[in-house]
Structure formats: C-alpha cells, structure tokens
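Working notes, structure below.
The values are calculated or read from the model by the stated rules, or taken from the named source; none is laboratory data. No experiment lies behind these values; they were computed from the predicted model shown. So basically every Cβ, Gly included, is an ideal-geometry build from the backbone, and we count neighbours across all protein chains shown. What goes into the accessible areas is simple: the full protein's heavy atoms, side chains included, and nothing from ligands, DNA or RNA. Shrake-Rupley method; radii C 1.70, N 1.55, O 1.52, S 1.80 Å.
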Amino acid sequence: VRLQPDPFLSELTNMFERSTEKGSVWITLKRSSDKSKVQRNKMATAGLAIDYKCLVRATDGKKTIATLVGGKDHQRFQASYATILKARMTALKKRERKEKRKTTDTDKKQEGRKKRSSAAKASV
C-alpha cells in the first residue's frame, strides 16, 4: 500500500507498537523515479531530467506499506523518521565491552623476562 509520507510515518509507528513484544519490522530505502524503464529511456534520449525520489518500504511480515519522498520533503521526513526509530529501538541490547586490563609494573617485568628468555633460546 503506497501512502503519503505523514500517514506512512504514523502507520510505521503502529507497526513498531504491534511488534514490541514479539516480531520485527524491516525497512528498506531505494532510489526510484516512479516511472517505467521505457519512460526513463525516452526521457533520457530526449534530454529531459529524470526526477528521482526515495522509495521507503516497511513490513512486519503481515502488512507492507510504502511511500515516495521527494527532494523537497526529504529533510522533514528524515527528521521525523529518525525520531520514530530512536523512540522504538529500546529493545536493543547494549554492546558488552571488554575491560582493558591495565598493565602493572610486575606484568611489565614478567613480559621483559619472557622476551629475554625467548631471545636466549633463539640464539642457542
């Protein structure tokens, strides 16, 4: 179903709400001219400029929605889209970071001994 940008964003919010407990929402963005290949070729040979738009599709596996966003509406749409994504990505897990171990003086001394002993073995 192709919607206008504002209804698309509200329906996208509803999709995220339905899939909060279980499920996923897949979103794809693609460049599109909204014209057939034959029409684009005729326009290209005639020297006319082809107006490309951004085709945004979203699906939750059951329902699919789409919209075309032009260059004029791009910034407003992108800001609203980013706000929705930030608000709905609360279920993501934080990345676990490994703590860097600080080398102490004793560790440095042991590393120095290992290097010296391996150098002695190599010379033998």
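For the range 52-88, filtered to residues that are open to solvent by 100 Å² or more (accessible area, probe 1.4 Å) and more than 15 Å from Asn14 (Cβ to Cβ), the residue that is farthest from the chain's Cα centre (by Cα) is Lys72. Is it fair to say Thr103 is at pLDDT below 75, open to solvent by 70 Å² or more (accessible area, probe 1.4 Å) and among the hydroxyl-bearing types (Ser, Thr, Tyr)? Taking the combined requirement at face value, the residue satisfies it. If I ask for residues that are under 22 Å from His74 (Cα atoms), under 18 Å from the mean Cα position of the chain (by Cα) and surrounded by fewer than 14 Cβ atoms within 10 Å (Cβ to Cβ), which ones from the range 14-26 would you list? Answer for the range 14-26, where residues must be under 22 Å from His74 (Cα atoms), under 18 Å from the mean Cα position of the chain (by Cα) and surrounded by fewer than 14 Cβ atoms within 10 Å (Cβ to Cβ): just Trp26. Each residue in the range 37-51 was checked for being surrounded by 11 or more Cβ atoms within 10 Å (Cβ to Cβ) and basic (Lys, Arg), and 2 of them qualify.
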